[in-house]
Amino acid sequence: MKASIFSARQEALKPVRGFARPGPMPPDTYDKVRKMLLFVALGVGILFCFLLLRLWYLQLVKGQEFSQKSESNRVRLRDLPPWRGMIFDRTGRVLVSNMPSYDAMVILEDVPDAKELAKHLGQVLKMSYLDILTRILTAQEDNLARTIRIKGDLTWEEVALLETFKYELPGVVIQIQPKREYRTDSLGCHTIGYLGEISEAQLKSGRFPNNKMGDDIGKCGVEFGYNEYLTGQRGARQIEVDAHGRELRLLNYTPSSPGASIYLTIDWRLQEKAEEVLRGKVGAVVAMDPQTGKILAMASSPTFDQNMFARSISADYWKQLIQDKDHPLENRVLKGQYPPGSVFKIIMAVAGLEEGVITPSTTFHCSGGMPFGNRIFNCHARRGHGGVNLHRSLVVSCDVYYYNVGLRLGVDRIAKWSKKFGLGATTGITLDSEKAGIVPSSDWKKRRFNQPWFEGETLSVAIGQGYNTATPLQMVRVAAAICNGGIIHVPTVVEKIVNPDGEIAYEFTPQIQSRLAASPKNLDLVRRACQGVVQYGTGGGARLPNLEVGGKTGTSQVVSLERKGKGKNPRKTEHHAWFVAFAPVENSQIAVAVIIEHGGGGGKVAAPVAREVMRTFFELSRSEAAAQS
């Protein structure tokens with residue numbers, strides 16, 4: 001047995017036929033292999049050096065940046081919008097406050113699939129899938145690190161649904177936003193204004209550095225003009241989130257600071273009366289303190305409901321507003337540009353006296369019209385007024401008298417005095433989009449139409465027609481300048497601004513824009529004539545018992561007399577009704593301007609409106625004086 005095993009081993013150790021044992025490696029082959037191994041080792045060494053260099057760059061050079069990025073994957077900074085400042089009237093009554101609103105927001109960088117999110121969110125909020133998807137995709141293209149509002153002012157049912165399905169809605173959060181609450185519906189809506197979501201253009205303009213997309217800002221009125229004071233300071237919540245952007249815990253908290261409160265110069269009771277007497281009419285009323293420039297009431301009709309804007313205005317209501325032919329969104333006090341009509345004769349009287357082309361006793365004969373060139377320029381009294389001097393010319397509003405004064409002055413001197421009274425330029429009130437109106441002159445016509453001025457055009461300008469246009473705010477300053485000694489104030493609607501800590505950030509002081517430089521004697525002559533207008537002239541509708549009232553009526557022609565009362569809408573061809581007033585005549589406390597579009601005669605339609613506003617003002621003044629005594 002042992003012999004057989006030994007034999008098998010010996011047989012196995014025999015060399016296999018055809019194979020030879022390897023001999024020593026030739027020198028040249030050995031060198032090649034050694035060089036090859038050296039190159040491989042060198043390559044491995046270089047790669048290892050690159051790896052070390054990359055690790056050094058990532059860990060030391062870019063380490064802090066990547067650490068921050070890594071941290072941002074789990075830490076979010078959630079915005080805390082500030083509560084907007086409140087608005088009060090001059091008596092301290094709250095006109096505008098705030099209430100909490102729950103908004104559905106989308107954090108764009110936390111949205112893994114925009115289509116899937118839009119589908120689920122549309123089902124929960126009952127919104128259009130395409131609308132949501134479009135908003136998300138558009139915002140993602142602009143800036144991924146943004147939060148956008150999908151729907152504001154959620155109902156409790158919608159809040160509950162979003163909380164229930166929050167795990168199916170990555171990137172969606174519910175944010176508590178302050179919502180504007182207008183306490184008196186449409187009262188003072190044009191003066192106070194309303195809010196709307198900031199636009200892309202406004203954000204890029206650089207005028208709103210403290211605002212972000214989704215914020216509401218003032219769109220008109222005080223909300224717009226004093227937006228910077230009302231906005232306040234933003235706060236923030238630093239939170240830890242999971243991979244789906246859901247909140248895990250609060251890391252840090254910086255509270256927001258509310259905006260400043262604004263106290264208006266307007267008395268809500270007088271404002272209420274002004275809007276009441278305008279109801280059903282298209283027009284405007286503005287009342288001002290002629291000694292300071294404070295606006296006491298500013299009403300434009302028709303009005304609109306500001307709270308509809310605070311609740312994410314519906315498409316139907318917005319369409320209704322912008323398609324309304326009476327333009328309820330327009331503040332006619334600032335933007336309504338109308339021919340001033342016979343109210344302009346106040347300026348003509350002062351200009352004629354100051355330029356020396358007439359005296360108080362200068363008389364012109366009115367036979368009902370004045371021939372000039374190849375036509376007759378009519379007076380509103382077709383039978384004429386007979387001999388008319390300065391005082392009577394204002395009392396009866398004689399057109400022929402002012403045709404003659406206009407020819408003696410010429411259009412350029414008329415323009416000079418119009419500008420002295422503040423026409424043709426904005427008043428400087430801190431509200432939105434005030435219009436300047438038009439003061440025509442020979443230079444103006446040359447620039448505008450490249451045509452010379454014709455003398456016949458001066459006759460129309462002299463009675464407040466032709467190219468002349470002015471706003472009610474400008475015309476109330478004309479009335480104020482007659483009764484305050486020729487001072488043109490910068491009007492204001494803000495009495496004071498108070499910071500949240502009680503510090504007064506702004507307090508009103510009268511600001512004089514210019515002075516007429518007219519003699520007190522001439523101003524007194526015109527003032528006494530305006531008193532006659534109300535006592536026994538065309539402005540009798542503004543008469544008040546036991547009070548001296550001065551005023552001037554105006555009828556602003558809209559179309560030629562031949563077209564008046566004709567066409568598809570005859571009412572639109574009726575004249576505008578103007579009236580300006582001040583009371584008392586000595587040491588006046590209030591000046592008022594009223595315009596009623598297509599109302600007809602100023603004495604019949606506009607003067608009674610001014611009377612009710614002035615009556616309410618003096619009743620309130622007496623009651624306040626009694627309460628203080």
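The values are calculated or read from the model by the stated rules, or taken from the named source; none is laboratory data. It should be emphasised that the depicted structure is a prediction, and the values quoted were computed from it without experimental measurement. Please note: Cβ atoms are built from the backbone with ideal geometry, for glycine as well, and neighbour counts cover all protein chains shown.
Summary table
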{"quantity": "Residue in segment 293-316 that is free of Cβ contacts under 8 Å to residues at least 40 places away in the same chain, charged (D, E, K, R), more than 21 Å from W578 (Cβ to Cβ) and not assigned by TED's automatic domain parsing to the domain that holds S393 present", "calculated": "yes"}
{"quantity": "Odd one out for L431 among (1) within 30 Å of E228 (Cα to Cα); (2) surrounded by fewer than 23 Cβ atoms within 10 Å (Cβ to Cβ)", "calculated": "(2)"}
{"quantity": "Verdict on T430 being free of Cβ contacts under 8 Å to residues at least 12 places away in the same chain, closer than 30 Å to E223 by Cβ, among the polar types (S, T, N, Q) and touching a helix residue (DSSP H, G or I) at 6+ places or on another chain (Cβ under 9 Å)", "calculated": "no"}
{"quantity": "Any pair with Cβ under 7 angstrom, 6 or more apart, that starts in segment 361-383 at a residue that is under 13 Å from V396 (Cα atoms) and ends at one that is aromatic (F, W, Y)", "calculated": "C366/Y401"}
{"quantity": "Scan of segment 109-131 for residues that are surrounded by fewer than 18 Cβ atoms within 10 Å (Cβ to Cβ) and free of Cβ contacts under 8 Å to residues at least 24 places away in the same chain, ordered by number", "calculated": "D113, K115, E116, K119, G122, Q123, K126, S128, Y129, L130, D131"}
{"quantity": "Where T134 falls short, out of the listed (1) in contact (Cβ under 8 Å) with a residue 24 or more places away in the chain; (2) surrounded by fewer than 19 Cβ atoms within 10 Å (Cβ to Cβ); (3) in a helix (DSSP H, G or I)", "calculated": "(1)"}
{"quantity": "Lone unmet requirement of (1) over 23 Å from E455 (Cα atoms); (2) of a type in the set (D, E, K, R); (3) not in a loop (DSSP other than H, G, I, E, B) for K416", "calculated": "(1)"}
{"quantity": "Matching residues, segment 210-231, being under 18 Å from Y263 (Cβ atoms) and among the aliphatic types (A, V, I, L, M)", "calculated": "V222, L230"}
{"quantity": "Residues of segment 154-174 that turn out to be out of contact with any His (no Cβ under 7 Å at 6 or more places or on another chain), among the acidic types (D, E) and loosely packed, with under 15 Cβ neighbours inside 10 Å, as a count", "calculated": "2"}
{"quantity": "Unique match (being assigned to a helix (DSSP H, G or I), in contact with a strand residue (DSSP E or B) (Cβ under 6 Å, 6 or more places away or on another chain) and within 28 Å of R234 (Cα to Cα)) among A104, A139", "calculated": "A139"}
{"quantity": "Pair list, Cβ < 9 Å and 6+ apart or interchain, from segment 435-456 residues that are closer than 12 Å to K416 by Cβ to residues that are part of a strand (DSSP E or B) and of a type in the set (G, A, S)", "calculated": "V439/A470"}
{"quantity": "Complete set of residues in segment 364-409 that are among the β-branched types (V, I, T) and either within 21 Å of V526 (Cα to Cα) or outside the structural domain of G539 (by TED's automatic domain parsing) (or both)", "calculated": "V388, V395, V396, V400, V405"}
{"quantity": "Residue within segment 561-573 that is of a type in the set (S, T, Y), surrounded by fewer than 19 Cβ atoms within 10 Å (Cβ to Cβ), within 27 Å of I266 (Cβ to Cβ) and at pLDDT below 95 present", "calculated": "no"}
{"quantity": "Criterion violated by S314 - all others in (1) surrounded by fewer than 18 Cβ atoms within 10 Å (Cβ to Cβ); (2) in contact with a Ser or Thr (Cβ under 7 Å, 6 or more places away or on another chain); (3) modelled with pLDDT under 95 satisfied", "calculated": "(2)"}
{"quantity": "Residues of segment 527-555 satisfying the condition of being assigned to a helix (DSSP H, G or I) and β-branched (V, I, T)", "calculated": "V533, V534"}
{"quantity": "Segment 107-131, residues that are part of a helix (DSSP H, G or I) and either acidic (D, E) or closer than 30 Å to H190 by Cα (or both)", "calculated": "E109, D110, E116, D131"}
{"quantity": "Any hit, segment 175-187, residues being in contact with a Cys (Cβ under 9 Å, 6 or more places away or on another chain) and surrounded by 21 or more Cβ atoms within 10 Å (Cβ to Cβ)", "calculated": "yes"}
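The rows are residues; the columns are (1) closer than 30 Å to S588 by Cβ; (2) outside the structural domain of Y167 (by TED's automatic domain parsing); (3) among the aromatic types (F, W, Y).
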site	(1), (2), (3)
Y229	no, no, yes
E240	no, yes, no
N252	no, yes, no
K273	yes, yes, no
G280	yes, yes, no
D289	yes, yes, no
